[in-house]
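> Pasting in a structure now, in structure tokens, and then I'll have a few things to ask.
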Amino acid sequence: MGNYSWGAPILTNNIIHDSSEKCLTGDALYIDDISLEKNACHGYIGFSSVAHGYILDIDFSLAMKTPGVLDIISYKELPGSNDISPTGKNDEPILSDRKVNYYGQPIFLIVATTREIARTASKLVKIKYEELKPIVTIRAAKNDIGNLKFVTEPLRLKRGNFEKAFKKSPKKLVGEVEIGGQDHFYLEGHVALAIPKEGGEIRVLSSTQHPSEVQHMVAKTLDLPSSSVEVAVRRMGGGFGGKETQSNLFAVLASVAAIRLGRTVKIRPDRDDDMIITGKRHPFLAKYEVGFEENGKINALKATLSAQCGHSADLSGPITDRALFHVDNCYYIPDILLESEPLFTNTVSNTAFRGFGGPQGMLVGERVIEEIAFSIAKDPLEVRKINLYGIDKKNITPYHQKIRDNISRKIISELEKTSGYKKRRRQIISFNKKSKLIKKGISLTPVKFGISFTATWYNQAGALINIYNDGSVLLNHGGTEMGQGLNTKVSSIVSEVFCIPFEHIKITQTETSKIPNTSATAASSGSDLNGKAAERAALTLKDRLIKFASKHFTVPQEFISFGYSGVLIGNKLLSFSELVSLAYKERVQLSALGFYKTPNIYWDRAKGKGAPFYYFSYGAAVSEVSLDTLTGEYILNRTDILHDVGQTLNEFIDIGQIEGGFIQGVGWLTSEELFWDDCGRLKTHAPSTYKIPLASDTPETLNISLLQNSPNPRPTVKRSKAVGEPPFMLSISVFEALSMAASSVVDYSRCPNLSAPATPENLLLTIEKLKRQNDAKRI
Amino acid sequence: MKNQPIKFYLNNQYVNYAPEKEYISVLDYLRLNEELTGTKEGCGEGDCGACTVLLGSLQKTPSGFWLKYESINSCIRFLPSIHACHLVSIEHLSKKGELLHPIQEEMKNANGVQCGFCTPGIVMSIYNLFLNNDFTDRKKVEESLQGNLCRCTGYGPIINAAKNVFEKYKRIKDELYISNKKIKEKLIAIREKEPFPYSVPKDLKAFKSFIRKNKNNTIISGATDVGLWINKELQRPKNPVFISHVDELKIIKMSKNFITVGSSVTYTKLLESLKPFYPELTEYLKRIGGEQIRNMGTIGGNIANASPIGDMLPPLIALKSEIKISNAESQIRNIQMEDFFIKYKVKDLKNNEFILSVKIPKPTKGLVFSNYKVSKRRDEDISSVCASFYFIINRGYIIEARLVFGGMAEVPKRAKHTENFLLGKPWTEDSFADSAKKIEEDFQPISDARASQEYRVLVAKNLLKKVFLQKSKACRGLMRHGKLLVGRTNFD
């Protein structure tokens, strides 16, 4: 079909992010930047100040009297359903009716002429509660025996016979690991703008990763068919999963107010309120039992992963599932039993966050490896290598999927060499012997991450390409741009199909009216799904143009090819726009849809069996750290990363995702600590108290390489691999390096069992614990 | 009277604006009044840097006025405080459809942009770094970005971009450079020839007169804390008076034995003036806020705010600093800084009084002076514990000890039991190890989101061990880019 390209090739794998210039000049519009008409108004959400209880009385009188207040909306004013559960569980009220289940739960919306008036008035509303004791932590939830409440069905993965294999193992360990949550801290907070249209219809601009879901939720709340709701998003100032379901609330409330008032309504919570109202990464507590050989080879593993889900299910089902799917990481475990406990707590409903439970699961697996290594006084890397999945055998996961693309051993050995791991580890051990105050640590950890939504039906995407009769190309797809460079990647795929410069393709905002039933831009799937759909739309159009040219110029199709100097038809050279112009006059349809669904995946949750992932992404990192043993403060000295993106779609963007994901992961495991007081109030709800990494928290030296000559064995778009989430987990290397540094105070004689995040406080108290344990042993 | 217009320049354009409200932030003015939406709101508390703009203000020097541009957080800065200043937002760097500014160009080429929301603020911070420094290195770039959060890139590309700007350009002949003189003249004209808004006294006399007339007043200097009362607690403090034009409060005077700094001296300027005498304080001072906060926040504000975690307070108390206080009637009194703080956020300062200056003694013979700040994140964080240690050593014995801690009590406080224990003891590891036990007699700190009581006590004890260990060169402490992080001692 004329796939042969000729002329000087344009490389599209090093194109700079298409919004770059606009963002740099301040020209790029985010929703809050859009100029409003004069009568537009502003909504502000009032929320619960207790974590658990019943609302006895609400007094709106002061707020009502405030000049400029236009409307007050409580659950009674919602025209349709009062539920935004993304999984149809009917467990997530938009506005609380009577019961409040977390500190921060929305109760009412004030609408006023200005945001300042609405916000000030929202603080004048007086609510009386009957307070009940909240369940704030995982331990409290687990201890509430008899009342143990799951927000969604737990999952059990089982292969082989754990009990038997455990019993037979010469060595055994029992342990647990506590893993903290994480706030997304997208720089642009949540925002929604609802514009009423004729006939009760509505258009919503929402900072969302999932416009179709926003559309669906708005329709449900307004009691309208989805076809009467239009949702659009040009770009987000970061998402990271925090705008997958959490945008619904703001969009829905803005829409209700807009319809009631017949005026445009914007809702943008203050940063503190955004952090209090919206869900975060799930904290986990995992307990495990592992049986292994003297050399560290694992025979049997049983682990229970309990997650703090908050007051509703949200996406906790698939998130805790994915946690279980990643406990194995790169390791073959013959007999295994994994269970999830998606626990109800009186906290905000936790949600998607880069990795979607995978990081927590993987950390559990890596902790098991680490603890085994300490118990047999071996370098954890040796234990890792002994347990790696095989190629032809030892390649079945706990969910019975056969791994066909395992390259973990190759990545580890290449990185071990290029980073000088062995030598540096020796040097560090001898440094630690001499150094009194500062101790160092080094660790190499690998990543294997399953790609595809485990909700199989999500693995679909659509794209629309219009070629206008002047030869310009407009591209729409169902994915959303949150900074990850999706539009740049998808445009470059289309530009290569037509052999036209990247700049000639215009990507417009994501619109539910153009591409229906889109999936969330999540699970790292953005370019896999939308890139493929766009490629198909482009190929359809290209095929039409070739067929037309063949007929028009009576040249066989095989003598027609698109090249970078134009379209060669026999020995006639036409520019792309000349060909398009001719085709238009001959009434060739110049608009096409593309559709893609990921093949070969299936998942039977009840049985815990299937092949939920289309392929796996791999990577590994070596990190070296220095730790001050008197304060627990630390420095990241160096990190070397080798990561697999298949054949890169865009080197700049892929490296950006790896670096950014890694640092975000470092934040999760080091300085980012969520703190709830005993009453269940979140006390870390602003950057003054919640500390994401700064420039000075990055490793002094950071080397990132893409694994070369590693096309995806699966026929993904241009044989690339997903890159959004996998690099996040490279940060586990930093966590384990800190652990090694801490353990040096007792000559590596015991595993520190560090909990996450490893704040200076956590590290210092861990060091003290290690010393105490050591002293106790001596006595 | 109250609605007298505020006059300033915005991106080279003259603005004459009489706000309807006492508190309108510079950010809201830009975004809502001018619809200049390139400057973003990320947090509304001066912690994320998305709102960073440059503020050009006239600096009085013996040879006349100098127009200095510094980065500030526009979200916690209020409009009256920029009277007679030049406000520069991202839109001023390059005109639509024209070439990018070199800083923007380097950011683009280094792939420094992902979601783009932090980007304008980052560009302005790099601009601030470039305008105020002749050279840079990785450490300096990191310092200059302490007040800017980016959640996408991991910072590497941004750091590269900043370094590239310095490598390629010695001077950038942009709009700011070209019109410097012109704008300076215009600002001088506003300052010298036109009436000041009521809430912006033009000098000390006017300031005193304001206080006389408005007993219940709110003195606002850098607004780095007041900004939060307004943005977060939705307070509207009565009778604000913005004192950034009162030059008498910006003096830095060196005498034989003292350094005297006016209460309106910013951290940035304080850092420069203390550096020759207390180099060990430099690294510590650079961990207060981010660059923008250091450009705004003042020493008087830090003292008058009387927070238990005001980072400047322990070193100033340790150094035996003295506060000079005036009232509206010009009656002066002096008070030792350690006596100024009474209990949580309560201080020895009356309604009609204000802080004139702080007198800091210069180093004396035998002084060992060391400062520590321990926080969850190293930079731009609030202390879990901060400590300032002042020892006079004579023939190997401690003859004077002043140990001042922040974050350990409701006010910054000396550890008097521990001090007494150390007095007369030899400068040995044992003395310090033993003294640590006394910390619990001095402090019973609280547990909160920043740190637990257990950690605070442990760290306070360990810092005593650390100050001794660091005396021996073998235990230097954490290094970054070849330089020791805070906790330098005179022995280095």
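> On a C-alpha basis, how far is the centre of the stretch A:397-431 from the centre of the stretch B:203-238 in Å? Whole number, if you could?
Between the Cα centre of the stretch A:397-431 and that of the stretch B:203-238, the gap is 59 Å.
> Let me ask something additional. Can you list the residues, at least 5 places off or on another chain, whose amide H is less than 5 Å from the amide H of residue B:397, using H built in the peptide plane?
B:427
> Take every Cα pair under 8 Å in the stretch B:367-484 that's 6+ residues apart, average their separations, divide by the length, and report that relative contact order as a whole percent.
Relative CO of the stretch B:367-484 lands at 19 percent.
> Moving on to the next point. For the stretch A:254-262, take each phi angle, set θ = phi - 60°, evaluate the Karplus expression 6.51 cos²θ - 1.76 cosθ + 1.60, and give the result in whole Hz per residue in order, putting x for glycine and proline.
With coefficients 6.51, -1.76 and 1.60, one gets 4, 5, 4, 5, 4, 5, 5, 9, x Hz.
> Post the alpha-carbon centroid distance, the stretch A:738-779 to the stretch A:513-582, in whole angstrom.
When both Cα centres are located, 61 Å separates them.
> Compute the Kirkwood hydrodynamic radius of the stretch B:247-361, taking the inverse of the mean of 1/r over all pairs of distinct Cα atoms, and give it in Å to one decimal.
Hydrodynamic radius (Kirkwood, Cα only) of the stretch B:247-361 equals 14.2 Å.
> Enter the mean number of other protein chain beta carbons within 10 Å of the beta carbon of each residue in B:369-380, as an integer. Let's see the in-between values first.
Values: counts 0, 0, 0, 3, 2, 8, 6, 14, 16, 9, 5, 5.
Across B:369-380, the average partner-chain Cβ count within 10 Å equals 6.
> Output wanted: per-residue J couplings in Hz (rounded whole) for the stretch A:543-550, from phi through Karplus 6.51 cos²θ - 1.76 cosθ + 1.60, θ = phi - 60°, x for Gly and Pro.
4, 4, 5, 5, 4, 4, 4, 4
> Which value at 222 nm does the protein assembly as shown reach when only helices count, each DSSP H run of 4 or more adding -39,500 (n - 2.57), with the total divided by all residues and rounded to the nearest 500 deg cm²/dmol?
The helix-only estimate for the protein assembly as shown comes to -8500 deg cm²/dmol at 222 nm.
> In terms of the Cα gyration tensor, with a ≥ b ≥ c the square roots of its eigenvalues, is the protein assembly as shown rounded because a/c is under 1.5, prolate because a/b exceeds b/c, or oblate?
Details: a/c = 1.57, a/b = 1.21, b/c = 1.30.
Note, shape of the protein assembly as shown comes out oblate.
> If you don't mind, there's one more thing I want to ask. Which of the aspartates and glutamates could be linked to residue B:362 by a straight reach, that is with a Cα gap under 14 Å, when you skip same-chain ones fewer than 8 residues away?
Partners found: B:280, B:322.
> Something else about it: May I ask you to evaluate 6.51 cos²θ - 1.76 cosθ + 1.60, the Karplus curve with θ = phi - 60°, for each residue of the stretch A:479-495 and list the ³J(HN,Hα) values in order in whole Hz, giving x for glycine and proline?
x, 10, 9, 10, x, 6, x, 4, 4, 5, 5, 5, 4, 5, 4, 5, 5
> Quickly rank A:482-488, A:395-401 as a protection proxy: mean count of other C-beta atoms within 10 Å, highest first. Each step should come with its number before you reach the end.
Numbers: A:482-488: 27.7, A:395-401: 20.4.
Listed from highest to lowest mean packing, they are A:482-488, A:395-401.
> Same structure, new question: For chain B, take the longest principal axis of its alpha carbons; what is the angle in degrees between that and the long axis of helix B:156-168, to the nearest 10 within 0 to 90?
The answer is roughly 70 degrees.
> Let me ask something else about it. Can you compute the modelled spin-label distance between residue B:454 and residue B:410, with each label point 7 Å from Cα toward Cβ, in nm?
Those two pseudo-labels are separated by 2.6 nm.
> Applying 1/(1 + (r/R0)^6) with R0 = 56 Å to the Cβ-Cβ distance of residue A:581 and residue A:436, what FRET efficiency is obtained, to the nearest 0.05?
0.10
> Can you list the residues, at least 5 places off or on another chain, whose amide H is less than 5 Å from the amide H of residue A:750, using H built in the peptide plane?
Placed amide hydrogens put nothing under 5 Å from residue A:750.
> A follow-up question, please. Using the alpha-carbon centroid of each, what span in Å lies between the stretch A:470-486 and the stretch A:21-51?
Spelled out, the Cα-based centre of one part sits 23 Å from the other.
> Another question, then. Using a cut-off of 14 Å between alpha-carbon atoms, which aspartates and glutamates can reach residue B:232, once sequence neighbours fewer than 8 places away in the same chain are excluded?
A:116, A:270, A:272, A:273, A:274, B:41, B:45, B:47
> Let me ask another. Averaged across B:475-483, how many Cβ atoms of other chains sit within 10 Å of each residue's Cβ atom? Don't skip to the end; give the middle numbers.
Details: counts 6, 3, 7, 10, 5, 6, 4, 1, 0.
Mean partner shielding for this stretch: 5.
> Take the residue pairs A:440/B:483; A:532/B:40; B:345/B:471 and return only those whose Cα atoms are more than 25 Å apart.
A:532/B:40; B:345/B:471
> In the structure displayed, which of B:182/B:250; B:320/B:413; B:238/B:350 lie more than 19 Å apart, Cα to Cα?
B:182/B:250
> Could you tell me the relative contact order of chain A? Use alpha-carbon pairs under 8 Å, at least six residues apart, and round to a whole percent.
Over chain A, the number comes to 16 percent.
> Separation between the residue A:571 and residue A:65 pseudo-spin-labels, each 7 Å from Cα along Cα→Cβ, expressed in nm?
For the pair residue A:571/residue A:65, the computed spacing is 9.2 nm.
> If you count, for every residue in B:39-52, the Cβ atoms of partner chains within 10 Å of its Cβ, what is the mean?
That works out to 5 on average.
> Could you please rank A:34, B:220, placing first whichever residue has the fewest other Cβ atoms within 10 Å of its Cβ?
Fewest to most other Cβ atoms nearby, the residues stand as A:34, B:220.
> Report, by chain and number, residues whose modeled amide H sits under 5 Å from the one on residue A:464, excluding near sequence neighbours (fewer than 5 apart, same chain).
Sorted by chain and number, the residues that satisfy this are A:476, A:477, A:594.
Every number here is computed from the coordinates shown, using simple stated rules; none is lab data. In this text, all values refer to a predicted model and were calculated from it rather than measured experimentally. Cβ coordinates were reconstructed from backbone atoms using ideal geometry, including for glycine residues, and neighbour counts include every protein chain displayed.
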